[in-house]
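Below is one structure, written out as structure tokens; comments come after it.
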Amino acid sequence: MYKFSSFVAVYWFVAVVLLAGYPCPVDAADQPAAPSTLVVAGSGSNLGITRILAEAFSKEHPQITVEVPGSIGTRGAIKAVIEGAIPLGLISRPLKAEEKAQGLAARPYARTAIVIGAHPSVKDETVSPADLVAIIKGEKKAWQDGNQIIVQAREPQDSGYQVLEDTVPGFKEAYAESHAARRWTVYFTNQDANKALESVPFAIGLSDLGMMATEGLKIKALRYNGIAPSIETVADASYPFVREQSIIYRAGNLSPEAQAFLDFACSPANAGLYKRYGFLPVQP
């Protein structure tokens with residue numbers, strides 16, 4: 001079973017907002033600054049914190065409205081910024097060399113723990129590397145209380161799964177086998193996957209601390225090898241699964257409004273806000 005969120009629909013939404021949000025300049029030099037709309041779109045894992053940032057930013061810049069539409073994913077953000085559909089994109093993995101070669105630049109602003117999440121009905125508290133691989137392969141089928149494990153998976157390009165593939169021995173091969181066999185339900189946005197984790201008893205899947213806090217998700221965070229995901233364990237590197245959130249743009253091609261929001265998002269003054277919502281701010 002596959003869930004899909006249309007990039008095209010959001011792409012056209014962005015185009016309409018851009019056309020509506022940037023009025024033609026007036027000749028009178030003493031006119032007050034005209035209201036403008038800035039569209040920031042991309043990875044679903046960034047949306048919650050970006051909407052909170054947008055609200056805080058608009059209090060300081062009331063003439064600028066920041067629109068954050070639904071998820072178009074990291075790949076959608078990269079495509080939209082390259083094509084000039086949006087000035088700022090949200091990504092949850094580092095840019096690749098070929099993406100940088102197309103004129104993209106990235107500014108990381110925060111890091112958060114990728115969570116091995118479960119439905120609140122799950123009584124287990126921790127998973128080991130061996131457990132995780134066995135669950136994904138379909139070999140470990142039940143929780144400790146005997147209830148069936150229901151995997152809620154993401155597509156192969158998901159940034160969280162890529163981190164696990166790089167960190168957990170055997171995970172990459174196990175996931176590739178299960179994905180080819182269509183063993184699990186696959187979701188194509190973080191929001192759909194989170195919703196499944198919240199609603200399907202005895203489910204397991206991936207989320208992250210930032211989304212759980214900003215979106216008020218009722219997901220149980222499992223320990224990995226006995227280590228809980230937290231700001232502290234991200235900071236001391238004892239917890240291994242971390243995603244870095246970044247804002248991307250075309251270098252040398254930012255409007256004053258986009259530059260102002262980029263600087264605001266990366267400002268050390270927002271460190272407390274980030275920590276309140278499960279993010280470790282990236283030092284400039």
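Number of residues in the stretch 209-224 that are touching a Leu at 6+ places or on another chain (Cβ under 7 Å) and either without any contact (Cβ under 8 Å) to a residue 40 or more places away in the chain or in a loop (DSSP other than H, G, I, E, B) (or both): the value is 1. The residues on offer are Ala130, Ala113, Ala118, and the sole one that is closer than 30 Å to Pro169 by Cα and without any contact (Cβ under 8 Å) to a residue 12 or more places away in the chain is Ala130. Residues in the stretch 99-129 that are charged (D, E, K, R), under 22 Å from Thr233 (Cβ atoms) and either assigned to a helix (DSSP H, G or I) or within 20 Å of the chain's Cα centre (by Cα) (or both): Arg111 alone. When Leu273, Leu206, Leu197 are checked against the criterion of being out of contact with any Gly (no Cβ under 8 Å at 6 or more places or on another chain) and either in a helix (DSSP H, G or I) or open to solvent by less than 40 Å² (accessible area, probe 1.4 Å) (or both), Leu273 stands alone in meeting it.
Listed by first and then second residue, the pairs with beta-carbon distance under 7 Å, at least 6 apart or on different chains, first residue in the stretch 75-87 and at pLDDT 95 or above, second of a type in the set (Lys, Arg), are Val81/Arg250. Consider the stretch 209-224 and keep the residues that are of a type outside the set (A, V, I, L, M, F, W, C) and under 20 Å from the mean Cα position of the chain (by Cα). The one that is least open to solvent (accessible area, probe 1.4 Å) is Gly210. Listed by position, the strands (runs of 3 or more DSSP E) enclosed by the stretch 29-93 that each have at least 2 residues that are over 25 Å from Glu155 (Cα atoms), open to solvent by 50 Å² or more (accessible area, probe 1.4 Å) and not small (Gly, Ala, Ser) are 64-67. Within the stretch 173-190, the set of residues being touching a helix residue (DSSP H, G or I) at 6+ places or on another chain (Cβ under 9 Å), in a loop (DSSP other than H, G, I, E, B) and over 14 Å from Ser159 (Cα atoms) comprises Arg183, Trp184. Within the stretch 225-246, the residues that satisfy the criterion of being more than 20 Å from Gln191 (Cβ to Cβ) and either part of a helix (DSSP H, G or I) or open to solvent by less than 20 Å² (accessible area, probe 1.4 Å) (or both) are Ile231, Glu232, Thr233, Val234, Ala235, Tyr239.
Looking only at the stretch 142-172, residues that are part of a loop (DSSP other than H, G, I, E, B), surrounded by 13 or more Cβ atoms within 10 Å (Cβ to Cβ) and modelled with pLDDT of 95 or more come to 5 in all. Just one of the listed residues (Ile204, Ile219) is modelled with pLDDT of 95 or more and in contact with a helix residue (DSSP H, G or I) (Cβ under 6 Å, 6 or more places away or on another chain), and it is Ile219.
Of the set (1) modelled with pLDDT under 95; (2) open to solvent by less than 20 Å² (accessible area, probe 1.4 Å); (3) under 30 Å from Asp166 (Cα atoms), all apply to Val14 but (3).
The values are calculated or read from the model by the stated rules, or taken from the named source; none is laboratory data. What you are looking at is a predicted structure, and each value in this text was computed from that prediction instead of being measured. Every residue, glycine among them, receives a Cβ derived from its backbone with ideal geometry; neighbour counts consider all protein chains shown. Note: accessible area is taken over every heavy atom of the protein model, side chains too, but ligands, DNA and RNA are not part of it. Shrake-Rupley method; radii C 1.70, N 1.55, O 1.52, S 1.80 Å.
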